[in-house]
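Encoded as structure tokens, the structure appears first; notes follow it.
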Amino acid sequence: DKGGWSSFMAKEITEQPEAVANTVRGRLVDGHVEIPELTALGDDLLREIDRIVIIACGTASYAGMIGTYAIEQWARVPVEVQLSHEFRYRDPVLSDRTLLISVSQSGETMDTLMAVKYAIERGVTTVSVCNTQSATIPRESDAAVYTHAGPEVAVASTKAFVAQITALYLIGLHLGRVRGTLSGDDARRAAEQLEELPGLLGEAVDTHDQIAQLAHWMADTRSVLFLGRHVGYPTALEGALKLKEIAYIHAEGFAAGELKHGPIALIDHGQPVFVLVPSPRTSPLMHSKVVSNIQEIRARGARVIAIVEKGDTSVLPFADDVIRLPLTDVLFEPLLQVIPLQWFALELSAAKGLDVDQPRNLAKSVTVE
Ligand code: BG6
């Protein structure tokens, strides 16, 4: 039931505040994060891990990339993401101090399941971040930290993605507390942000009408670029993936700093570029770098669509369109920034008369390797 929406994807985009609230619920107690499924693994084990490998495919891998920044910051342990289907072919260095976190909406993605099994055979502790109760991957894993986004029907993942980021952040905060690496201030601040998040996501959902107009007159666009820095980089990758998946448009996401090392050659008159601008309040240095990037591409004719924090007027002279989002800390920006990108892909797909929920050649869950 699409609940009055034109597509499941539209409905699921609007359900994101709830998806995040439900994922946090019960795991934030008196301002600190407690995940019983992790506690059951034993605090000693969590204190002793010296490396975390996140494995996932597609959108889930971008949630994983975003998770690396937060988990490293809070738990002070090196974290990397590997695509599930690449993982076991590289003879990965694993030990009993490695923690493997798989991220999968369906819990049935064969590439990810095979990677989890590979790790289990080598004595690695495995945690599954999954949206589907009792799916194969959480059943095979040592612990399951479920996202509670509710059933996701559209092939292109939206609410599962924000719930996955949320679950990874909760894991990071739990680990940081147990390992003694998370300061009281950071813990309190993160807890506040997690509580505020559903309201902020609701405001991000309200960007729909502005984005729909933008997509309407961009219906014949053949290529779109996305730029971001820090957590904005994987967010840019996700924005590009959404466009490829459902609007069949060539799209690429770049780390903003990489622009001058190659991609800037792509910028030509009228080339649309979405730029995810970090907050000038919480990340002034990154902000000024990204604003310079905007000036560089604008000078070469790019059509700049800037996604900024409300009140940031620094990009106004250089941007063709400005999408404003509520204020949050840098680590939480992707959860808000991805929403206009989801709307854009949806509206462009719809403007081209495509089936938003059932894109060609794709399946919701790929159960073959
Ligand atoms: C792809 C889907 O095949 O699998 C993507 O089209 C999804 O949307 C990816 O992100 C991973 O799926 P899952 O269920 O493992 O998160």
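Taking interchain pairs and intrachain pairs at least six residues apart, which have beta carbon atoms under 9 angstrom, with the first residue in the range 36-50 and without any contact (Cβ under 8 Å) to a residue 60 or more places away in the chain and the second part of a loop (DSSP other than H, G, I, E, B) and surrounded by 15 or more Cβ atoms within 10 Å (Cβ to Cβ)?
P36/R27; D50/V77
Looking at this structure, is S157 of a type in the set (S, T, Y) and more than 30 Å from N361 (Cβ to Cβ)?
no
Grab the helices (runs of 4 or more DSSP H) fully contained in the range 41-126, keeping just those with 1 or more residues being in contact with a Leu (Cβ under 7 Å, 6 or more places away or on another chain).
43-48, 58-75, 110-121
From the list M65, M110, exactly one residue is open to solvent by 20 Å² or more (accessible area, probe 1.4 Å), of a type in the set (A, V, I, L, M), farther than 25 Å from Q337 by Cβ and within 16 Å of the ligand (Cβ to nearest atom). Which is it?
Selected residue: M110, the only one of M65, M110 that is open to solvent by 20 Å² or more (accessible area, probe 1.4 Å), of a type in the set (A, V, I, L, M), farther than 25 Å from Q337 by Cβ and within 16 Å of the ligand (Cβ to nearest atom).
Can you tell me which of V178, V155 is in contact with a Lys or Arg (Cβ under 7 Å, 6 or more places away or on another chain), within 24 Å of M9 (Cα to Cα) and among the β-branched types (V, I, T)?
The match here is V155.
Pairs only if they're at least six apart or on different chains, beta carbon under 7 angstrom, first in the range 94-106 and charged (D, E, K, R), second open to solvent by less than 10 Å² (accessible area, probe 1.4 Å); list them, first residue then second.
Filtered contacts from the range 94-106: R97/I49.
Which one of these is β-branched (V, I, T), touching a helix residue (DSSP H, G or I) at 6+ places or on another chain (Cβ under 8 Å) and open to solvent by 20 Å² or more (accessible area, probe 1.4 Å): V81, V77?
V81
Can you name every residue in the range 147-159 that is within 13 Å of the ligand (Cβ to nearest atom) and not in a helix (DSSP H, G or I)?
Correct list: T147, A149, P151, E152, V153, A154, V155, A156, S157, T158.
This table checks each residue for (1) within 15 Å of the ligand (Cβ to nearest atom); (2) open to solvent by less than 20 Å² (accessible area, probe 1.4 Å); (3) within 21 Å of L341 (Cα to Cα); (4) modelled with pLDDT of 95 or more.
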residue	(1), (2), (3), (4)
F161	yes, yes, yes, yes
I165	yes, yes, yes, yes
I171	no, yes, no, yes
H174	no, yes, no, yes
A204	no, yes, yes, yes
A212	no, no, yes, yes
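The values are calculated or read from the model by the stated rules, or taken from the named source; none is laboratory data. This one's a predicted model, so the numbers in the text were calculated from it and none came from an experiment. Because the Cβ atoms are built from the backbone with ideal geometry, glycine has one as well, and the counts that use them run over all protein chains shown. These accessible areas exclude ligands, DNA and RNA; they are computed on the full protein's heavy atoms, side chains included. Shrake-Rupley method; radii C 1.70, N 1.55, O 1.52, S 1.80 Å.
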